[in-house]
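What follows is one structure encoded as structure tokens, with my remarks underneath.
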């Protein structure tokens, strides 16, 4: 079964010639318990990356990126009507919950706060989660892309924005199936990269060239940023029933006429501008071998495109869930 929201043609706002080009001005596995040694970082291009399995993930984990991830959490909440999940989990049930690729832990902490009767385990390559957390929430350093070794079964497994670090989504979902209790749910919320437009306004722009470069860089790392568009198929192949796919669009700036989408677009513009260097630096310079001056020029030109209301770009967002019967 599939459900679709906000995936049709989005009517753009009409901006004056003066405003349209300017856009918005914005300032720029063996499970291991958390140990202080893992807090050390590797620095490249002025950004900090996790030391655990260095090079496995192309995104930094420094404070700047952590703030962006927390803001991105708010965009998901606004998109999903302030709900943490789309899956029909029984309200008030005492659940054992696993959040893979937890990042800053904001989703896990939010879920634990709203569901004190449940227990939540968040895992990530980086031990960047806060020290003060709800008593029913804990975090461990682990790689969800490797063999799972959890000693317990779960009622709910959640993962968000995993595609760029995901090597084999079918294997992951097969492991999730085995790790769930009967009746349990898995839900993945993700971006099907790259950014795109429906009306051709992104064609030939520096931002399109940057997106093309990032796709190429991911492929060189044996990663596919567009996995989310196939999550439904992979869930069904892994044995899940009652699989539902919900699709959204996050506009790249305030170009839509619709007020709800305009607000999401503004937040996503800030999200993208804040994260553009993080998304791009390691892939463009270390993987693709792009020179620093060439890279910085492409970023500067792409930032102008991101603010430009005449470029009707958006992020395809997928929320897919399924049940183990």
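The values are calculated or read from the model by the stated rules, or taken from the named source; none is laboratory data. Note that the coordinates shown come from a computational prediction; the quantities given were computed from them, not determined experimentally. Note that we place each Cβ from the backbone using ideal geometry, even for glycine, and neighbour counts take in every protein chain shown.
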Where residue 57 falls short, out of the listed (1) more than 28 Å from residue 152 (Cα to Cα); (2) assigned to a loop (DSSP other than H, G, I, E, B); (3) at pLDDT 55 or above; (4) in contact with a helix residue (DSSP H, G or I) (Cβ under 8 Å, 6 or more places away or on another chain): (1)
In the stretch 169-185, what residues are part of a strand (DSSP E or B) and either touching a strand residue (DSSP E or B) at 6+ places or on another chain (Cβ under 8 Å) or surrounded by 24 or more Cβ atoms within 10 Å (Cβ to Cβ) (or both)? 180, 181, 183, 184, 185
Residues in the stretch 144-195 that are at positive phi and over 14 Å from the mean Cα position of the chain (by Cα): how many? 1
Of everything in the stretch 286-298 that's surrounded by 18 or more Cβ atoms within 10 Å (Cβ to Cβ) and part of a helix (DSSP H, G or I), which residue is modelled with the lowest pLDDT? 287
Here are the criteria: (1) at pLDDT 95 or above; (2) more than 22 Å from residue 226 (Cβ to Cβ). Tell me which single one residue 157 does not satisfy. (2)
Could you list, in sequence order, all residues of the stretch 239-282 that are over 22 Å from residue 70 (Cα atoms) and under 15 Å from the mean Cα position of the chain (by Cα)? none
Tell me whether the stretch 83-103 contains one or more residues that are assigned to a helix (DSSP H, G or I) and either more than 28 Å from residue 250 (Cβ to Cβ) or modelled with pLDDT of 95 or more (or both). no
What's the total number of residues in the stretch 89-126 that are more than 24 Å from residue 320 (Cα to Cα) and buried (at least 21 other Cβ atoms within 10 Å of the Cβ)? 1
What is the residue count in the stretch 300-325 for residues that are surrounded by fewer than 23 Cβ atoms within 10 Å (Cβ to Cβ) and under 24 Å from residue 222 (Cα atoms)? 3
Select from the stretch 239-261 the residues that are part of a loop (DSSP other than H, G, I, E, B) and surrounded by fewer than 20 Cβ atoms within 10 Å (Cβ to Cβ) and list them in ascending order. 239, 257, 258
Restricting the search to the stretch 196-212, which residues are part of a helix (DSSP H, G or I), over 19 Å from the mean Cα position of the chain (by Cα) and over 10 Å from residue 313 (Cβ atoms)? 206, 209
Kindly establish whether residue 236 is in a helix (DSSP H, G or I) and either closer than 30 Å to residue 154 by Cα or more than 16 Å from the chain's Cα centre (by Cα) (or both). yes
